[in-house]
Amino acid sequence: MPDTPARICRVLAPTVLCAGLLGGGAVVLAPAPSYAASVTLTDATHDPVRLDDQDDDGELETTPAPDARAVDIEATDVVYRHHVLVVRVHARGTSHRVSPRVRVRAGGSDHGFSVDDRGRVYDEARGGGRRCRGASVEWDGPADVYRVRLPAGCFGTPDQVRVGVQLTRVGDTTPSSVTLDDAVKGGGGRYYYRVGLGPRVARG
């Protein structure tokens, strides 16, 4: 079969703008964007907030909590290689009372991974908490680092993801109060879908 312009366009459609070719002009290549397999997110310090009980109008009271060292994120390293996503959160301090929360945007799906008091990792976005088997969370007190390891199968093994991180601690002032900090400016809230997302990371 001869390589007609129309056939070439059908084959190269993902990477070629074919209008010029079919019209007799030059072929314009439009390569798909490439993304790094790792990224580091930096965050201002002394910016955690505390969400306390609802006031008389039903609104959550939000107050600054600059001294909450164990949730105060300084930087976050996100690495996506092979079939594992590894997130290392550098904070001003660490505590076993702090729960890292990782939001993963994979294609058109959102996932919100959090850890329970037994160290098991669940996806808040799936049926009220589907367990992510093979995931782990570690606390490195001397280095003030939280490390979260997520098998890619827990979020569909996509080629690219966007990742957001939040550190939370419950019960500072009242049993239901939440102290938190996000790695990405503009995030924040009690729910995983309020965690801010960083740039795309490609599986390396």
Inset, instruction - Could you tell me whether Val148 is under 20 Å from Thr94 (Cα atoms), assigned to a loop (DSSP other than H, G, I, E, B) and aliphatic (A, V, I, L, M)? - result: no
Legend entry - Cβ pairs under 9 Å, 6+ apart, first in region 61-79 and without any contact (Cβ under 8 Å) to a residue 12 or more places away in the chain, second surrounded by fewer than 22 Cβ atoms within 10 Å (Cβ to Cβ) and among the acidic types (Asp, Glu): Glu61/Asp52; Glu61/Asp53; Glu61/Asp55
Legend entry - Filter result (under 12 Å from Val78 (Cα atoms) and either crowded, with 20+ Cβ neighbours inside 10 Å or free of Cβ contacts under 8 Å to residues at least 40 places away in the same chain (or both)) within region 147-173: Val148, Leu150, Val161, Val163, Gly164, Val165
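Filter region 81-134 down to the residues that are part of a loop (DSSP other than H, G, I, E, B) and among the basic types (Lys, Arg), then identify the one that is modelled with the highest pLDDT. Working first, answer last.
Step one: list which residues in region 81-134 are part of a loop (DSSP other than H, G, I, E, B), which gives 82-83, 92-97, 107-108, 116-120, 124-129, 132-134.
Remaining after also requiring among the basic types (Lys, Arg): 92, 97, 118, 120, 126, 133.
Numbers: Arg92: 95, Arg97: 88, Arg118: 82, Arg120: 88, Arg126: 76, Arg133: 91.
It comes out as Arg92.
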Legend entry - Among (1) of a type outside the set (Val, Ile, Thr); (2) buried (at least 20 other Cβ atoms within 10 Å of the Cβ); (3) within 20 Å of Tyr80 (Cβ to Cβ), the one test that Leu180 misses: (3)
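Does Ala135 satisfy the condition of being within 25 Å of Ser34 (Cα to Cα), surrounded by 15 or more Cβ atoms within 10 Å (Cβ to Cβ) and in the same structural domain as Asp72 (by TED's automatic domain parsing)?
So Ala135 fails the test.
The values are calculated or read from the model by the stated rules, or taken from the named source; none is laboratory data. Everything numeric in this text was worked out from a predicted model, so none of it was measured. We place every Cβ from the backbone using ideal geometry, glycine too, and count neighbours over all the protein chains shown.
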